[in-house]
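Heads up, the thing below is written out as structure tokens.
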Amino acid sequence: MVKFVYAFEEGNKEMKSELGGKGAGLAEMKKIGLPVPDGFTISTKACMNYYENNKKISEDMKEQIESYLSDLETKTGKTLGGKNPLLVSVRSGAVISMPGMMDTILNLGLNDETVEILAENSDPVFAFDAYRRLIQMFADVVLGIEKYKFDKIYQRFKEKNVVNLRKIVEEFKGVVLKETRSPFPQDAKEQMYQAINAVFESWNNHRAIVYRKINQIPDDLGTAVNIQEMVFGNTGERSGTGVAFTRNPSTGENGVYGEYLLNAQGEDVVAGIRTPKHISTLEESLPEVFKQFIDVTDVLEAHYKDMQDIEFTIENGKLFLLQTRTGKRTAQAAIRIAVDMVKEGVIDKTTAIMRVEPNQIHQLLHPTFSEESKGKAKALAEGLPASPGAASGKIYFDANRVKEAVLSGEKAILVRTETSPEDIEGMIHAEGILTSRGGMTSHAAVVARGMGKCCIAGCHDVVVSSDHTQMIIDDRTFVEGDEISLDGTAGIVYDGIIETADASLSEEFNTLMAWADEKRILRVRANADTVHDASIALKFGAEGIGLCRTEHMFFDPSRIMDMRRMILAEYKEDRLKALDKLMPYQQKDFYGLFKLMKNLPITIRLLDPPLHEFLPHTDEEISVLADMVKKPMGAIKERIKNLEEVNPMLGHRGCRLGITYPEIYEMQVKAIFNAVCDLQDEGMTIEPEIMIPLVGFTKELSLMKTLVIETAHKVLEERNHTCTFTVGTMIEVPRAALTADEIAKEAEFFSFGTNDLTQMTLGFSRDDSSKFIHEYVNHKVFDVDPFESVDQTGVGRLMEIAVNSGRSFKADMKMGICGEHGGEPNSIHFCHKIGLNYVSCSPYRIPIAKLAAAQAALK
């Protein structure tokens with residue numbers, strides 16, 4: 001018989017895949033002697049069995065659940081639904097943490113009879129408060145009744161200053177009867193089985209699916225279900241509940257960082273229903289519990305050797321632990337914690353490198369608000385700095401409206417009283433998040449930090465209207481569409497849009513990057529076409545330029561008209577005249593790049609896009625061009641029409657242009673080598689790498705290589721210089737990948753242009769596929785957009801063929817990648833695996849690529 005259920009005593013931290021993160025953490029804490037309420041875990045395997053069994057709990061599973069429930073009743077001396085009632089929590093627990101995305105039910109086992117027993121044995125207020133919480137949570141999670149229907153009833157009683165919990169419970173039960181036409185279930189075991197089903201079902205609720213998609217978590221892991229004896233933080237002022245981190249999850253500072261509420265249950269803290277107190281004030285309220293808790297945090301961090309996220313409850317002065325897991329953290333915190341733990345001797349450099357998620361680093365590399373611009377801006381309110389960063393945009397109060405606004409091109413700020421898991425899509429699309437309630441461990445704060453989103457929580461100066469159509473700060477009303485800015489690092493809300501400044505990188509960041517450099521094998525270059533881009537690349541540690549797109553130099557307003565004149569020329573002589581005007585621009589650009597990069601390698605791709613991309617589209621632009629070239633508008637329009645192609649990405653571009661109009665490539669090569677000579681005159685040595693695009697046949701490369709060599713030698717002879725240079729090609733046409741051994745006879749290096757290689761291999765237009773590609777992801781045709789991460793089975797197979805066959809002719813042939821995939825961690829791991837020499841990516845992704853390359857080498 002398959003084992004589906006485990007007592008906490010049977011598990012450990014290594015059983016995460018079966019017990020889920022929460023179950024494995026509870027088992028491990030039990031194992032090392034920490035105070036954990038008794039319970040058992042229904043495994044992730046059981047969840048998948050539930051789905052395979054047409055969403056039914058099998059008899060085998062039910063038999064095991066009954067057996068472990070009986071054991072729990074024996075341990076506690078209580079009975080579920082009995083005279084000495086056992087109350088339990090039913091909580092989800094995924095293998096990979098998904099905070100707030102799945103469901104939990106507390107106080108399960110209460111009914112009309114057991115609540116009276118609890119009231120008699122403890123306190124009626126506590127007992128009926130627990131019962132009304134159970135009804136509302138059960139109705140929401142299991143029965144699908146919207147929470148606001150219960151909130152309205154509770155709010156009505158609060159406004160009358162008469163919170164009669166017995167009457168509230170009766171009205172709550174009335175809502176259940178009205179909405180479901182069935183009474184609230186009184187059988188405690190029926191409650192438990194319905195709750196287990198609901199937790200299994202929550203694995204595939206909308207918000208969980210969205211969260212898995214953005215975090216690339218597999219759909220076949222399932223969730224565990226944890227059944228645990230309830231401990232109560234809402235029995236009075238010597239009871240409470242809280243969440244804490246062993247280090248600051250925003251900054252990484254070493255010291256316990258958390259919040260708690262007295263006389264409350266866990267949902268009150270996480271949901272942001274009440275704004276909690278800082279954990280340090282617990283020392284005043286309950287000093288012995290505080291000391292014990294601090295000792296526990298030390299034990300857990302030392303045991304796991306990582307920052308822990310801990311949930312706890314205090315019942316009548318006694319501490320209980322309900323969860324420990326590796327804490328979600330910002331990029332800034334992740335780097336600081338990793339580096340500090342190496343310095344403290346807790347972990348080694350390899351562990352530190354592996355512990356930081358490469359894509360997280362992106363958060364650190366983008367601009368923040370400058371001090372000067374903040375000084376000029378009007379501060380509106382101050383809240384808790386829940387997740388650092390800077391965000392500006394228009395206010396929206398509804399998550400769906402945020403998504404709509406962003407998809408239509410706007411920048412949006414999500415403003416809520418407090419967020420809930422249902423807001424996940426709005427949080428994904430928002431620039432930043434502002435809540436008027438909640439603390440540093442509320443849902444908004446935890447999820448925002450995990451996403452790297454700027455967030456201010458618990459901003460009490462902000463009053464959000466009950467219908468979520470406006471917010472009021474002091475005497476000013478803000479409505480949807482008004483603009484604000486959030487400084488998540490300081491927790492300050494500003495009026496209007498604020499200018500940004502370049503990000504500054506910490507000493508810990510530089511330390512981690514230095515460690516990554518020691519470990520990685522892949523070199524990391526930048527895709528850069530201008531001195532500005534190249535200077536940013538150097539700042540982030542680029543080891544050369546892997547792709548300089550020469551066409552981007554022509555789009556400058558001061559040059560585009562000469563480019564258009566060249567394209568419109570009917571005769572070669574006129575084309576040459578236009579090219580003579582363009583050459584000084586190109587030479588100046590290459591001179592600037594070469595001088596900045598010094599002796600670092602630079603790969604220059606000759607003109608690639610089809611010519612029609614440079615031509616005007618509007619009548620106004622065409623009229624200006626017609627006046628300049630002294631031709632009628634009709635003739636210009638006719639020429640534009642003639643250059644248009646049905647499928648330009650497969651059309652007259654790349655080396656095909658060079659073969660048809662060799663004078664274009666000749667001009668570019670002259671510009672390159674004149675710039676080389678100018679810098680040689682200044683004492684520099686430059687060794688350019690000339691790359692021919694869109695080669696599919698060896699003869700294409702042979703023709704273009706001959707043109708490059710002859711033109712280069714002519715310039716060098718005229719200027720009495722010598723220069724070492726190489727001529728290679730992009731592998732972006734599938735035929736080139738399949739015949740790489742032949743192409744290697746002419747090419748001195750390969751660079752994979754995976755954007756084009758992907759669209760030609762898959763038959764997907766990268767410009768149009770966005771209209772349907774999300775449906776392919778939804779239907780599991782593939783797990784991730786192949787234009788974001790290399791399709792390793794198809795496109796990757798072509799790359800492997802090209803690497804192996806190319807090196808069968810030239811064993812030491814240099815090979816790299818220069819498509820957008822060059823900065824994507826999974827693609828970088830693949831590039832390492834197949835033996836590329838370097839990856840090339842946008843300047844802001846260079847640190848990401850370096851860390852991913854180090855992790856690939858270590859794995």
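The values are calculated or read from the model by the stated rules, or taken from the named source; none is laboratory data. The model shown is predicted, which means the values in this text are computed figures rather than measured ones. For neighbour counting, all protein chains shown are included, and Cβ atoms are generated from backbone atoms with ideal geometry for every residue, glycine included. Note: areas computed on protein heavy atoms with side chains; ligands, DNA, RNA excluded. Shrake-Rupley method; radii C 1.70, N 1.55, O 1.52, S 1.80 Å.
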Share (percent) of C-alpha pair distances in the stretch 541-646 greater than 16 Å works out to 63
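Run the helix sum for the chain: -39,500 (n - 2.57) per DSSP H stretch of 4+ residues, divided by residue count, reported at 222 nm to the nearest 500 deg cm²/dmol. Don't skip to the end; give the middle numbers.
Details: 34 runs with 388 residues, N = 859.
Helix contribution divided over all residues of the chain: -14000 deg cm²/dmol.
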Relative contact order in percent for the stretch 251-353 (Cα pairs under 8 Å, 6+ apart) equals 26
The stretch 611-626 and the stretch 741-792 have their Cα centres apart by a whole-number Å value of 32
Among beta bridges assigned by DSSP with both residues in the chain, the antiparallel ones amount in percent, to the nearest 5, to 65
The percentage of the accessible area of the stretch 70-166 (probe 1.4 Å, all protein chains present) made up of carbon and sulfur atoms, to the nearest whole number, is 47
Taking a ≥ b ≥ c as the square roots of the Cα gyration tensor eigenvalues, with a/c under 1.5 meaning rounded and otherwise prolate when a/b beats b/c or oblate if not, the stretch 366-483 comes out rounded
With a 1.4 angstrom probe the carbon and sulfur portion of accessible area for the stretch 607-670, in percent, totals 54
Taking only Cα atoms of the stretch 507-569, the Rg to Rh ratio with Kirkwood Rh works out at 1.23
Checked the stretch 788-859 against the a/c 1.5 cut and the a/b vs b/c comparison, axes a ≥ b ≥ c from its Cα gyration tensor; verdict prolate
Amide H neighbours of Ile602 at under 5 Å, excluding residues fewer than 5 places away on the same chain, with H built from the backbone geometry, are Ile545, Glu689
Quick note, the stretch 1-123: a/c under 1.5 would make it rounded; otherwise a/b > b/c is prolate and the rest oblate (a ≥ b ≥ c, C-alpha gyration tensor); here it is prolate
Matching label for the computed P(r) over Cα pairs in 10 Å bins from 0, in percent, out of [x] 2, 11, 18, 21, 18, 13, 9, 6, 3, 0, 0; [y] 2, 9, 13, 12, 10, 10, 12, 12, 10, 6, 2, 0; [z] 2, 12, 20, 23, 20, 14, 6, 2, 0, is [x]
Taking the alpha-carbon centre of each part, the distance from the stretch 69-123 to the stretch 829-859 in Å is 49
With the 1.4 Å probe rolled over protein heavy atoms, the chain has an accessible area per residue in Å² of 41
Once normalised by the length of the chain, the mean sequence separation of its alpha carbon contacts under 8 Å that are 6 or more apart gives a contact order in percent of 9
Under a 1.4 Å probe, counting only protein heavy atoms, Glu120 has an accessible area in Å², nearest 10, of 150
Karplus ³J(HN,Hα) for the stretch 738-752 (6.51 cos²θ - 1.76 cosθ + 1.60, θ = phi - 60°; Hz, whole; x = Gly/Pro) runs 6, 10, 4, 5, 6, 5, 5, 5, 9, 7, 9, 7, 10, 9, 7
One finds the C-alpha centres of the stretch 632-684 and the stretch 520-597 to be spaced, in Å, by 12
Sorted by chain and then number, the residues having a modelled amide H within less than 5 Å of the amide H of Gly93, at least 5 places away or on another chain, are Ala224
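For Ser285 and Val125, what does the FRET efficiency come to when R0 = 22 Å and r is the distance between their Cβ atoms, rounded to the nearest 0.05?
Efficiency, rounded to the nearest 0.05: 0.65.
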One finds, for Ala635 and Ser408 with R0 = 30 angstrom and r their Cβ-Cβ distance, a FRET efficiency to the nearest 0.05 of 0.20
Sorting Trp515, Trp203 on solvent-accessible surface, 1.4 Å probe, most exposed first, gives Trp515, Trp203
Carbon/sulfur accessible area of the stretch 347-483, % of total, 1.4 Å probe, equals 46
Charge tally for neighbours of Glu508 with beta carbon under 12 Å away, counting Lys, Arg as +1 and Asp, Glu as -1, is -1
Relative contact order in percent for the stretch 473-578 (Cα pairs under 8 Å, 6+ apart) equals 13
